[in-house]
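Below is one structure, written out as structure tokens; the observations come after it.
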Amino acid sequence: MTILALEDVYLSFGGINALSEVSFSINEGEFLSLIGPNGAGKTSVVNCISGFYQPNLGKILFNGENITFTPSYERTKKGVSRTFQNIETFQSMKVIDLIRLGAHVHLKASPFSNLLGTPSSRKEEKELLDFISDEILPILRLEDVASREVYSLPYGLQKRVDLGRALASRPNLLILDEPVAGMNKEESQEMIEVVMGFKEKWNLSILMVEHDMELVMRYSDRITVLNFGNPVATGTPIEIQQNEDVVAIYLGGE
Ligand SMILES: Nc1ncnc2c1ncn2[C@@H]1O[C@H](COP(=O)(O)OP(=O)(O)OP(=O)(O)O)[C@@H](O)[C@H]1O
Ligand SMILES: [Mg+2]
């Protein structure tokens, strides 16, 4: 079962092609990594899938449904969630509030009844808080910092908060844009173990953009390689390691 498919996606910025003919798909429960040199277009792909950018041409299908022009929050409601490569936004919020924000797309009560604090909206809000404090905070080990402002935390913890926000919407497809960038080996390992724990528990499909090749090779079912906005190859870690075009790209860049 395919959960996500990109079909011939093109994206340009003022006449410059960021993505051309990008096609690949992710199966349900699969861990697919997207790799490539700096500026290859990886974050642009993530932005197209999450609805931050709209492709100039091509299609994005989620569970068979064409979501190419679906607004970002609607995609989150359907089960697509992403983390950010650069976590600069919402830094002044408290950890718990930022994570709660991730789940707000699912609240049924109208903003008006939320404002009034009607019984149904209060019940919904409580269920959400319980879900976050039972299922998200302990596994991410953020309980002790729940009421701290995000900016006051060490970088590695900020990345975990952003992951918590993405998980709070209970995605089916989790997109990670450089989840361990800037982390030491121990922090990276911890982060990936947390992700794998949720993957198992919720049968998540994962799209990970990452430069840490050791991690990519160890955890991916398949890998797609981008270079100058073009998909060069898709295959298992061993196939990718042995692919001459891929080797040339990486050695050429050294
Ligand atoms: N909003 C934008 N406006 C103009 N150009 C953009 C924009 N976003 C991305 N680009 C360009 O598109 C190309 C791909 O950028 P992108 O951020 O997708 O690369 P990346 O593979 O994620 O790189 P990195 O590994 O450094 O994060 C680059 O040439 C970049 O300058
Ligand atoms: Mg990027």
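The values are calculated or read from the model by the stated rules, or taken from the named source; none is laboratory data. This one's a predicted model, so the numbers in the text were calculated from it and none came from an experiment. Heads up, the Cβs are rebuilt from the backbone with ideal geometry, glycines too, and the neighbour counts pull from every protein chain shown. The protein model used for the area step is the full one, side chains on, heavy atoms only, and it has no ligands, DNA or RNA in it. Shrake-Rupley method; radii C 1.70, N 1.55, O 1.52, S 1.80 Å.
Side notes on the structure shown:
- Accessible area ranking (1.4 Å probe, heavy atoms, ligands and nucleic acids excluded), largest first, for MET1, MET208, MET93: MET1, MET93, MET208.
- If the Kirkwood radius is taken over C-alpha pairs of the range 34-171, then at 4 °C and 1.567 mPa s the Stokes-Einstein diffusion coefficient equals 79 µm²/s.
- 13 Å beta-carbon shell around ASN230, net charge (K/R +1, D/E -1): -2
- In order along the range 51-57, phi translates into HN-Hα couplings of x, 7, 10, 10, x, 6, 8 Hz, rounded to whole numbers, per the Karplus curve 6.51 cos²θ - 1.76 cosθ + 1.60 with θ = phi - 60° and x for Gly and Pro.
- Here the contact order of the range 174-250, divided by its residue count and restricted to Cα pairs under 8 Å and six or more residues apart, works out to 24 percent.
- Ranking of TYR73, TYR155 by solvent-accessible surface, largest first: TYR73, TYR155 (1.4 Å probe, protein heavy atoms only, all chains present).
- Globularity ratio of the chain, using Cα Rg and 2.2 N^0.38 Å: 1.03
- The largest accessible area among THR89, THR236, THR70 belongs to the first residue in THR89, THR236, THR70, and the rest follow in falling order (1.4 Å probe, all chains).
- Across the range 166-180, computed HN-Hα scalar couplings (Karplus, 6.51 cos²θ - 1.76 cosθ + 1.60, θ = phi - 60°) run 5, 6, 4, 7, 6, x, 9, 10, 10, 10, 10, 9, 6, x, 10 Hz from first to last residue, x flagging Gly and Pro.
- Near SER120, once Lys and Arg are set to +1 and Asp and Glu to -1 for all other residues with Cβ below 13 Å from its Cβ, the sum equals +1.
- For TYR53, the solvent-accessible surface computed with a 1.4 Å probe is close to 80 Å², ligands and nucleic acids excluded.
- Most fluctuating residue given options THR234, THR43, THR118, as computed from a GNM of the chain linking Cα atoms under 10 Å: THR118
- For the range 79-159, trypsin sites (Lys or Arg not before Pro) meeting the loop criterion (DSSP other than H, G, I, E, B) and having at most 14 other Cβ atoms within 10 Å: LYS108, ARG141.
- Alpha carbon centroid spacing (whole Å) that separates the range 45-64 from the range 3-29: 7
- 26 Å Cα cut-off, lysine pairs counted over the range 83-186 (separation 8 or more, or different chains): 8
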